[in-house]
Structure formats: structure tokens, C-alpha cells
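The values are calculated or read from the model by the stated rules, or taken from the named source; none is laboratory data. From a predicted model like this one, the values you see are computed outputs, not experimental measurements. Glycine also receives a Cβ, built like all others from the backbone with ideal geometry; neighbour counts cover every protein chain displayed. SASA here: full protein model, heavy atoms, side chains in, ligands and nucleic acids out. Shrake-Rupley method; radii C 1.70, N 1.55, O 1.52, S 1.80 Å.
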Amino acid sequence: MKQLVTLSMFFVTLAVSAQQAPVTSPLLDHFAGKWVMQGTVGKKPTTHDLEAEWVLQHHYLRFHEVSRDKNEKGEPQYEATVFIGWNEKTRKYGCAWMDVYGGLTTESIGLAAAKDNELAFVFTDEHGETNFTNTFIFDPKTDTWEDQLDNVAKGVTQPFARFKLAKQ
């Protein structure tokens, strides 16, 4: 019994020491709040609403994006929930992108190097090749964001969507 208690205490200590501190990111702090996204997907104008908030003891910024356009069932044409976190060891942001298209795979995970006013997420396929980028650019002068989404095939980038985000 004494060995079991000792082993249990070891694992509890290991788990606590492995826990990363809550995220401190002025850039992500600027993302928190309610936003209106106006722009185009392909060449079609669209408007989305986005709400971002810190969750899970300030380890992740979660945002919920909902298109104002509706499908034939009256549901939002597009909807996504995204978790953005920080990995202290790699010094990169990571995001898990879950949307109405389903199929959570490694292609749903994006990584972004730390930059002052930019979150440039790179998504890769099962072979490690970049197949999509999603770059959020913060303008501190206007307190707005720009979102540039691009398909990438064999190293060639093609615009997919462009949005401007303004506080609601």
C-alpha cells in the first residue's frame, strides 16, 4: 500500500510540474472579444460573426465563427470553433480548427511562429506539405484584424478568402 501511495504521489508531482503556465499573449488578448468579419470567400461577399474568449484556465483562446449566410436548412452556411494556444517549448502558436466540414485530421492543426502583430498559421497534409495558410494580421492603430486564407498546391498559393475584422 505504501508503494502505491508513493507511486501515486510521483505521478501527481510529475503532472503538476509538466503543466504549462497560463498563456500570456498581448496579441491574443487583442483577439478576445466580439468581431464582425466582412469579406469574400472565392469572389462571393459574405459576413461572419466571431466571438473569441479565453478558456480552460487561460490556456487557450477559443473563437466561434458563424456565417450570416444560411444553407437550405436555415443553418449557418459556415461555422467553426477554433482553439488557439501557445507552446512554450517550440515557441509557436498552435490551433485546432473544427468546422462544419468535419473530419478532424492532422490537416486541422495549424502552427504559427511568434510575430508581433501576426498569426500566420500553416496547415500541412499527411505528407507534411503545406496545403493551406490562414494569416491573421493585427493593426494596432485601428484595433482591427485582417484575415487572409490561402490554398497552397505544390508550393503555389491561391487566395481562398479575405476578411476585415472590426469590433462589434
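With the requirement that a residue be within 24 Å of K115 (Cβ to Cβ) and open to solvent by 50 Å² or more (accessible area, probe 1.4 Å), what does the range 91-103 give you? Across the range 91-103, the qualifying residues are R91, K92.
Has the range 100-116 got any residue that is under 23 Å from T46 (Cα atoms), part of a strand (DSSP E or B) and touching a strand residue (DSSP E or B) at 6+ places or on another chain (Cβ under 9 Å)? Looking through the range 100-116, none of the residues is under 23 Å from T46 (Cα atoms), part of a strand (DSSP E or B) and touching a strand residue (DSSP E or B) at 6+ places or on another chain (Cβ under 9 Å). If the condition is being in contact (Cβ under 8 Å) with a residue 12 or more places away in the chain and more than 18 Å from A161 (Cβ to Cβ), then the range 57-74 contributes Q57, H58, H59, Y60, L61, R62. Looking across E88, E126, one residue alone is surrounded by fewer than 16 Cβ atoms within 10 Å (Cβ to Cβ), farther than 21 Å from D49 by Cα and touching a Ser or Thr at 6+ places or on another chain (Cβ under 7 Å). It is E126.
Has the range 146-154 got at least one residue that is within 17 Å of R62 (Cα to Cα), touching a residue at least 40 places away in the same chain (Cβ under 8 Å), under 14 Å from the mean Cα position of the chain (by Cα) and surrounded by 17 or more Cβ atoms within 10 Å (Cβ to Cβ)? The answer is yes, given that some residue of the range 146-154 is within 17 Å of R62 (Cα to Cα), touching a residue at least 40 places away in the same chain (Cβ under 8 Å), under 14 Å from the mean Cα position of the chain (by Cα) and surrounded by 17 or more Cβ atoms within 10 Å (Cβ to Cβ).
Reported count of residues in the range 18-64, each being under 10 Å from W86 (Cβ atoms), of a type in the set (A, V, I, L, M, F, W, C) and open to solvent by 50 Å² or more (accessible area, probe 1.4 Å), is 1.
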